[in-house]
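Trainee: Below is one structure. I have some questions about it.
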Amino acid sequence: MDVGTVQRVDIDETMRTAYLSYAMSVITARALPDVRDGLKPVQRRILYAMADMGLTHNSPTRKCARIVGEVLGKYHPHGDAAVYEALVRLAQDFTMRYPLVFGQGNFGSVDGDGAAAMRYTEARLAALGEELLVDLEKDTVDFRPNFDGSLNEPTVLPAKLPNLLLNGVGGIAVGMATNIPPHNLGELADAIAYLVDHYNKVEEVSLDELMRFIPGPDFPTGGTILGREGIRQAYATGKGRVIMRANAHVEELRGHSAIIVTELPYQVNKANLVERIADLARNARIEGIADLRDESDRTGMRVVVELKRGVEPAPVLAGLLKLTQMQYTFGVNALALVEGVPRVLPLKRILLHYIEHRHEVLFRRTKFELARAEARAHVLEGLLIALDNLDAVIALIRSSPDPDVARDGLISEFDLSREQAQAILDMRLQRLTA
């Protein structure tokens, strides 16, 4: 278009097209996980970059600023704050049921404290994080060019672990959101093994059969789940409500009682909870509280709610459950990308997509290893021919003016392939002993 000219457009259609393009970018390239490896693009790029840097679980940690720079410069052209925040979450044991990254330094707390700046913290892959990358170099998944076409990155990880259900995920896209709770690895493994054993009649496997192995979510912060109906609905339809309750007991302290909270519902901020209880006591909305202390330390959580003499603990505890986040609802919305399309998935369908992915990974790995073994066997057959005709081969090589002539002579004289002839030329003399 020439400079200075005015182009008439339909603003309604232009806005619709531009917003749809933006929405699809957020949905497919930022906020939603892939059903196969359970990772968002930024998480996948962090793990891949750390593996590329050699940050295995038994290697020394490296500065997080260095890791973030690697991810930004090679794979993720967005803000450094977003990358570091994703890296921090991968290392938090109160956020991830099985952390994929081992962090050294201040990575935040259940009180809502933020992590230290990336220049102060260090990280490396956790042992389970490495399991998501096993066999990546064996052509098990597709690769695509990075944002500037200078490198390639995996479109999905081989994912030896069912990470979508294992660690769960939360994400807000445009017009849709995902919220999947974490689960126990042993229970998931048993359910997957059961589905594989019954794969020929997998459509007949009922939800009740799967729930024998996976009775419900397994939250890293503990707590208690109330009832099974919400879990069952979530597993059957992909949407449901799981009601969680803090674990609390009553202790007797010098003539009066105290309510001791030892576990909180998932994603509840402990500092905010303590502040909320203090406000309720100050405003007399809950009566009978004499003192409130947070005695949590590295051995575990302990919030002490001391009661006045003669006050029964049961009504106070009931009030705390009603008016604070000691009882909290986790809204399950199992939304994930299936072949690039967002879908709400029931439990069995998530497990089947994972099994199909692992079948594809193992098939491609076997095909890669077979091709490599056949190529090696082909070379060894050529070396055997050379050993059977050793004197003639040496004489031919000695009489050749350069390697190219020697290679062509071997090919024509002994009916070898180019690869076999090159292997003979590359063979060191010490291998001819014995």
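The values are calculated or read from the model by the stated rules, or taken from the named source; none is laboratory data. Since this is a predicted model, take the numbers as computed values, not measurements. All Cβ positions, glycine included, derive from the backbone under ideal geometry; neighbour counts span all protein chains shown. Accessible surface areas use protein heavy atoms only, side chains included; no ligands, DNA or RNA. Shrake-Rupley method; radii C 1.70, N 1.55, O 1.52, S 1.80 Å.
Trainee: Could you list, in sequence order, all residues of segment 289-317 that are surrounded by 18 or more Cβ atoms within 10 Å (Cβ to Cβ) and assigned to a helix (DSSP H, G or I)?
Mentor: Scanning segment 289-317 gives PRO313, VAL316, LEU317.
Trainee: Going through segment 346-381 one residue at a time, which ones are free of Cβ contacts under 8 Å to residues at least 24 places away in the same chain and in contact with a Ser or Thr (Cβ under 7 Å, 6 or more places away or on another chain)?
Mentor: none
Trainee: Turning to a different aspect of this structure: In segment 380-420, how many residues are assigned to a helix (DSSP H, G or I) and of a type in the set (Ser, Thr, Tyr)? Outline the logic, then answer.
Mentor: At the first step, the residues of segment 380-420 found to be assigned to a helix (DSSP H, G or I) are 380-388, 390-399, 403-414, 418-420.
Then keep just the ones that are of a type in the set (Ser, Thr, Tyr); that gives 399, 412.
Residues that pass the stated criteria total 2.
Trainee: Mind listing whichever residues of segment 169-185 are over 14 Å from TYR98 (Cα atoms) and within 13 Å of the chain's Cα centre (by Cα)? Break it down stepwise before answering.
Mentor: Within segment 169-185, the subset over 14 Å from TYR98 (Cα atoms) is 170-180.
Listed by number, the residues that qualify are GLY170, ILE180.
Trainee: Got a sec? Which of MET50, MET24 is within 22 Å of LEU164 (Cβ to Cβ), part of a helix (DSSP H, G or I), touching a residue at least 12 places away in the same chain (Cβ under 8 Å) and among the hydrophobic types (A, V, I, L, M, F, W, C)?
Mentor: Working: MET24 fails: touching a residue at least 12 places away in the same chain (Cβ under 8 Å).
Criteria check complete, one pass: MET50.
Trainee: Would a scan of segment 363-379 turn up a residue that is assigned to a helix (DSSP H, G or I), open to solvent by 20 Å² or more (accessible area, probe 1.4 Å) and either under 30 Å from ILE27 (Cβ atoms) or modelled with pLDDT under 90 (or both)? Steps first, please.
Mentor: Let us first name the residues in segment 363-379 that are assigned to a helix (DSSP H, G or I), namely 363-379.
Still in the list and also open to solvent by 20 Å² or more (accessible area, probe 1.4 Å): 363-379.
Subset that is either under 30 Å from ILE27 (Cβ atoms) or modelled with pLDDT under 90 (or both): 363-364.
The answer is yes; a qualifying residue exists.
Trainee: Could you tell me whether segment 225-240 includes any residue that is open to solvent by 80 Å² or more (accessible area, probe 1.4 Å), in contact with a Phe, Trp or Tyr (Cβ under 8 Å, 6 or more places away or on another chain) and over 28 Å from ARG298 (Cβ atoms)? Reasoning before the result, please.
Mentor: Kept after step one, since they are open to solvent by 80 Å² or more (accessible area, probe 1.4 Å), are these residues of segment 225-240: 228-229, 232-233, 239.
Adding the requirement that they be in contact with a Phe, Trp or Tyr (Cβ under 8 Å, 6 or more places away or on another chain) leaves none.
No - not one qualifying residue is present in segment 225-240.
Trainee: If GLU70 satisfies all but one of (1) open to solvent by 10 Å² or more (accessible area, probe 1.4 Å); (2) at pLDDT below 95, what's the number of the condition it fails?
Mentor: Here GLU70 clears every test but (2).
Trainee: Here's another thing I want to ask about it. For ILE350, which of the numbered conditions (1) open to solvent by 40 Å² or more (accessible area, probe 1.4 Å); (2) over 21 Å from VAL174 (Cβ atoms) fails to hold?
Mentor: The one condition ILE350 does not meet is (1).
Trainee: Pairs please, first residue from segment 174-185 and of a type in the set (S, T, N, Q), second anywhere and open to solvent by 30 Å² or more (accessible area, probe 1.4 Å) and in a loop (DSSP other than H, G, I, E, B), Cβ atoms under 8 Å, 6+ apart in sequence or on different chains.
Mentor: So the pair list comes out as ASN184/ARG97; ASN184/ASP218.
Trainee: Being modelled with pLDDT under 85 and under 20 Å from the mean Cα position of the chain (by Cα) is the filter here, so list the residues in segment 6-63 that pass it.
Mentor: Across segment 6-63, the qualifying residues are VAL26, ILE27, THR28, ALA29, ARG30.
Trainee: Can you report the number of residues in segment 118-146 which are open to solvent by 40 Å² or more (accessible area, probe 1.4 Å) and either within 15 Å of the chain's Cα centre (by Cα) or at positive phi (or both)?
Mentor: Total meeting the criteria: 7.
Trainee: What are the residues in segment 114-147 that are without any contact (Cβ under 8 Å) to a residue 60 or more places away in the chain and within 17 Å of VAL71 (Cβ to Cβ), if any? Can you show your working first?
Mentor: Of all residues in segment 114-147, those without any contact (Cβ under 8 Å) to a residue 60 or more places away in the chain come to 114-121, 128, 131, 134, 137, 142-145.
ALA115, ALA117, MET118, ARG119, THR121, PHE143, ARG144, PRO145, listed by residue number.
Trainee: Would you mind stating whether ARG30 is open to solvent by 80 Å² or more (accessible area, probe 1.4 Å) and farther than 26 Å from GLY223 by Cβ? Spell out the reasoning first.
Mentor: Working: open to solvent by 80 Å² or more (accessible area, probe 1.4 Å): yes; farther than 26 Å from GLY223 by Cβ: yes.
In short, yes.
Trainee: Report, by residue number, each residue of segment 318-339 that is open to solvent by 40 Å² or more (accessible area, probe 1.4 Å) and in a loop (DSSP other than H, G, I, E, B).
Mentor: Taking segment 318-339 as the starting set, the residues that turn out to be open to solvent by 40 Å² or more (accessible area, probe 1.4 Å) are 318, 322-323, 325, 327-329, 339.
Within segment 318-339, GLN325, GLU339 qualify.
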